[in-house]
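The values are calculated or read from the model by the stated rules, or taken from the named source; none is laboratory data. Quick caveat: nothing in here was measured; it's all calculated off a predicted structure. Counting neighbours? That spans all protein chains shown, and the Cβs are built from the backbone with ideal geometry, glycine included.
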Amino acid sequence: MATTARGRPALPQGIGRVTPGWWAFFAATLIVLAFGIVAIIRELTAGMVATGMRDVGTAGGATWGLYISMVVYFIGVSFAGITVAALIRIFDIERLRPIARMAELLTIVSLILGAFAILVDLGQPLRGITNLFGFARPQSPFFGTFSLVIAGYLFASIVYLYLGGRRDAALMAKHPGRLQRFHRWWAAGYKDTEAERRRHYQTSFWLALGIIPLLIVAHSTLGFVFGLQVGRPGWYGTLQAPAFVALAGVSGVGHIIVLAAIIRRLLGAQRRITMEAFSWLGRFLMVLLAVYLYFMVVELLTLLYATPEVEKRLSDALLTGTYAPIYWGSVAALVLPMIALMWQALARRWNVGILVASGVLVNLAAIGKRYLVVVPSQTHGTLLPYEVGSYSPSWVEYGVVLGLFALGALLVGLFIKSFPVLPLEAEEEVSVDA
Amino acid sequence: MAKYGMVVDLERCQGCRACMEACKVENNTTESMFWMYVFRFEEGTYPDTKMSFLPRPCQHCDNAPCVKVCPVGARYKREDGIVLTDPDRCIGCRYCSLACPYGVNYFNYQKPQDAYYALGIDWEDPDVTSVTGGVVPPYKNPDHDLLYGEEQRRTAGGGHAKGVMEKCTFCVHRVENGMLPACVETCPTNALVFGDVSDPDTPISRYVRAREPWHLLEETGTEPSVMYVGGKPPTLALTEIERPKARV
Amino acid sequence: MRRGVTATMVVAGILLMIIGYFGAAPWGADTVANSDPRITLAPTLFVLGVIVVFSAAIVYELLPDRERR
């Protein structure tokens, strides 16, 4: 096993060892993050006039834009963590175990990003925090987003990650180094006794069981934010909530495939994250994608068949008008991965490259579809005969969104460098004990 | 308890937009905000065209979607039927604006001071002061700073602060002092009638009894306090003659 | 002991959530005039309830055994 310059045995998985490549990665994320912060400062000082958003109606704009699309997208990605955990615990899919922790990490990071995306969308961000604690109303669909998603779901996921990591933390804490104190804190006296293992098995099962309803509610609640609004054509509908859950699954599982492939390559963990694991994720993504495509077709048929006047204006804008490139681009980015996944499933040969490409494509499609839910109903969906509006994000919005992605990459990178992102294995334990 | 309502007589409205002007003066709204807005529609193709007008204040719905969705209770309905925004509570999420099918909500995208009319004028100029008497805008109606209603919130005038939502208040500061809303007071053709609909002897109640009022976008189930008589509900076939030119 | 504390926390958390929810929502209130929560800081109680329920898992695992004390 490799040793560091000071003669200490190196920590497994390159923890605490920041190579030039990693420095470059951190520097790059920090630069993009700084750009995002500049954009936020611009928005805070000038007001939301710095964004491309304008009032619906006489001003002919969209008052929810890229930010809310990203809120929905980020919270959708958080689907990954608990789902993978649940697959492992409830369906006993052991092959996915090495992916569990990075999936939980992805959940936590994306929820944090979602929370930040909500904050930047508020005209009064500070009040957003204080007033929600004081006056939040359960009658508003936002209550679920605030209390269940941010408080419940995020907190539960952190608890899950924390408890699941205690064993590895205890192993890492045996190892001298700058991170020892952190690992010791995380382990919190874990001795890896039989009783502790049994207890953890119990809690992780009950936690997974408790979080799954929370996950469905949390993602549905976002659907309700839109689906309950009679006054906005294209939003009102019973299908919104289930479709939101399905697309959340698609983007979340797509994202975990990409992250798993990157970490597999980085850590040379081809043996740990097996092709079977990828085939499981691929098949799971295929099923979710099929469900979502079904919802999409149903929605499209309803839109084209019945079509009241306003819906017609909206569907024209979506299918042939202003939003057609995004619409058909998203459809292509959903159908192509579906074909690729089906072909791989039938051939029983899985290719990581194709899976990663599918993961990236479905995520682009998810962003596109979220955008198409949020924006066109505002610009083309006014019930009174206002003129058709338009919306295009400003550099501030793009900057903030890029900054959020950079923050996410930074958090994931920091975690990889400070804690075993793959659960430790027998031989790695040996090297720690040495 | 009084229950306020408004009747808009489309047969009398001549589309002069004096109500919009009166609202702006009374409530000091900034350039892009039209708490009261009058659609000017054109129908058909030249030369067989027909013009029609449709004033659109906030409908002060009894089943207000904006009140339902407000996450912090900044948008609320008073017992007398007026729907108001508390600018000190509003977090600026703009959900109300999307829940509202009428498009009556206006958001302060910037500091109101930066969005008023006639920003480029030198107010110290003697030619200007001879007209203004030395008053430097933005003029602020002092009544807006007072607290109104049982719940004593600072709701009149919409608050005019960056990052919060505002909309028509039925001129709550005037109504509470026994006056009519500015738009109603100004209307030269008496197309707007305001009053207590729960009292059968008010002019508005007589109006409602004599004519057959209809509501705007009845199908959305919002139960508006604003009623229309004469004319017909607007359809998307109508096109606006001109679009408000306003800088946000 | 361990099970008792955990169960108490879960029950207390759920109770807090119920109190917080109905304290924040004026369901059945006779006035539409004011949309403030009935109990001050009721939404915070709800969030606290969620946190208490899931903290029970930490307590269950981290509570030291009786023998060691």
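For segment B:134-169, the set of residues classified as within 20 Å of A:ARG127 (Cβ to Cβ), of a type outside the set (A, V, I, L, M), more than 10 Å from every other protein chain (Cβ to nearest Cβ) and surrounded by fewer than 18 Cβ atoms within 10 Å (Cβ to Cβ) consists of B:ASP145, B:GLN152, B:ARG154, listed by residue number. Here B:CYS16, B:CYS58 are screened, and the one residue that is under 24 Å from A:VAL230 (Cβ atoms), modelled with pLDDT of 90 or more and not β-branched (Val, Ile, Thr) is B:CYS58. Within segment B:197-211, residues that are more than 14 Å from B:LYS3 (Cβ to Cβ) reach partners that are surrounded by fewer than 11 Cβ atoms within 10 Å (Cβ to Cβ) with beta carbons closer than 9 Å, at six or more positions or on different chains, in the pairs B:ARG206/B:PRO200; B:ARG209/B:PRO200. Considering every residue within segment A:204-225, establish whether at least one is within 14 Å of chain B (Cβ to nearest Cβ), among the small types (Gly, Ala, Ser) and buried (at least 16 other Cβ atoms within 10 Å of the Cβ). Within segment A:204-225, not a single residue is within 14 Å of chain B (Cβ to nearest Cβ), among the small types (Gly, Ala, Ser) and buried (at least 16 other Cβ atoms within 10 Å of the Cβ).
Inspect segment A:144-153 for any residue being outside any helix (DSSP H, G or I) and buried (at least 24 other Cβ atoms within 10 Å of the Cβ) and give the result as yes or no. No, because not a single residue in segment A:144-153 is outside any helix (DSSP H, G or I) and buried (at least 24 other Cβ atoms within 10 Å of the Cβ). Tally time: how many residues in segment B:105-130 are of a type in the set (S, T, N, Q) and exposed (fewer than 12 other Cβ atoms within 10 Å of the Cβ)? Going through segment B:105-130 one residue at a time, the tally reaches 1. Please verify whether segment B:97-108 includes one or more residues that are at the interface with chain A (Cβ under 8 Å from one of its Cβ atoms), part of a loop (DSSP other than H, G, I, E, B) and more than 28 Å from B:GLN14 (Cα to Cα). Checked segment B:97-108: at least one residue is at the interface with chain A (Cβ under 8 Å from one of its Cβ atoms), part of a loop (DSSP other than H, G, I, E, B) and more than 28 Å from B:GLN14 (Cα to Cα).
The set of residues in segment A:128-142 that are without any contact (Cβ under 8 Å) to a residue 12 or more places away in the chain and facing chain C (nearest Cβ under 8 Å) comprises A:PHE133, A:GLY134, A:PHE135, A:ALA136, A:ARG137, A:PRO138, A:GLN139.
Take the conditions (1) part of a loop (DSSP other than H, G, I, E, B); (2) over 30 Å from B:ILE91 (Cβ atoms); B:ALA246 misses just one of them, which is (2). Taking helices (runs of 4 or more DSSP H) as the structural unit, those lying wholly within segment B:114-217 and holding at least 3 residues that are among the polar types (S, T, N, Q) correspond to B:126-132. Would you mind stating whether A:ALA248 is of a type in the set (A, V, I, L, M, F, W, C), part of a helix (DSSP H, G or I) and in contact with a helix residue (DSSP H, G or I) (Cβ under 6 Å, 6 or more places away or on another chain)? Yes; evaluated as a whole, the condition is true for this residue.
Within this structure, A:GLY47 passes the test of being within 9 Å of another protein chain (Cβ to nearest Cβ), at positive phi and in contact with a helix residue (DSSP H, G or I) (Cβ under 9 Å, 6 or more places away or on another chain).
Quick grid of which residues meet (1) crowded, with 20+ Cβ neighbours inside 10 Å; (2) within 14 Å of chain B (Cβ to nearest Cβ); (3) at pLDDT below 85:
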site: A:GLY81; (1), (2), (3): yes, no, yes
site: A:ALA85; (1), (2), (3): yes, no, yes
site: A:PHE91; (1), (2), (3): no, no, yes
site: A:ALA117; (1), (2), (3): yes, yes, no
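Considering only segment A:267-278, I want to know if a residue exists there that is basic (Lys, Arg), in contact (Cβ under 8 Å) with a residue 24 or more places away in the chain and in contact with a His (Cβ under 9 Å, 6 or more places away or on another chain). So far as segment A:267-278 goes, no, none of its residues is basic (Lys, Arg), in contact (Cβ under 8 Å) with a residue 24 or more places away in the chain and in contact with a His (Cβ under 9 Å, 6 or more places away or on another chain). Name the residue that is surrounded by the fewest Cβ atoms within 10 Å (Cβ to Cβ), counting only residues in segment A:357-384 that are within 13 Å of A:VAL250 (Cα to Cα) and among the β-branched types (Val, Ile, Thr). Among residues in segment A:357-384 that are within 13 Å of A:VAL250 (Cα to Cα) and among the β-branched types (Val, Ile, Thr), the one surrounded by the fewest Cβ atoms within 10 Å (Cβ to Cβ) is A:VAL360. Screening segment A:158-178 for residues that are touching a residue at least 40 places away in the same chain (Cβ under 8 Å) and at the interface with another protein chain (Cβ under 9 Å from one of its Cβ atoms) and picking the one that is nearest to A:VAL71 (Cα to Cα) gives A:ILE158.
Among residues of segment B:67-82 that are facing chain C (nearest Cβ under 8 Å), those with a Cβ under 6 angstrom from a residue that is part of a loop (DSSP other than H, G, I, E, B) and surrounded by fewer than 23 Cβ atoms within 10 Å (Cβ to Cβ), sequence gap 6+ or separate chain, pair up as B:GLY73/C:ASP36; B:LYS77/C:VAL32; B:ARG78/B:GLY149; B:ARG78/C:ALA33; B:GLU79/B:MET1; B:GLU79/C:ALA33. Residue count for segment A:282-301 under the criterion of being without any contact (Cβ under 8 Å) to a residue 12 or more places away in the chain and not hydrophobic (A, V, I, L, M, F, W, C): the result is 1.
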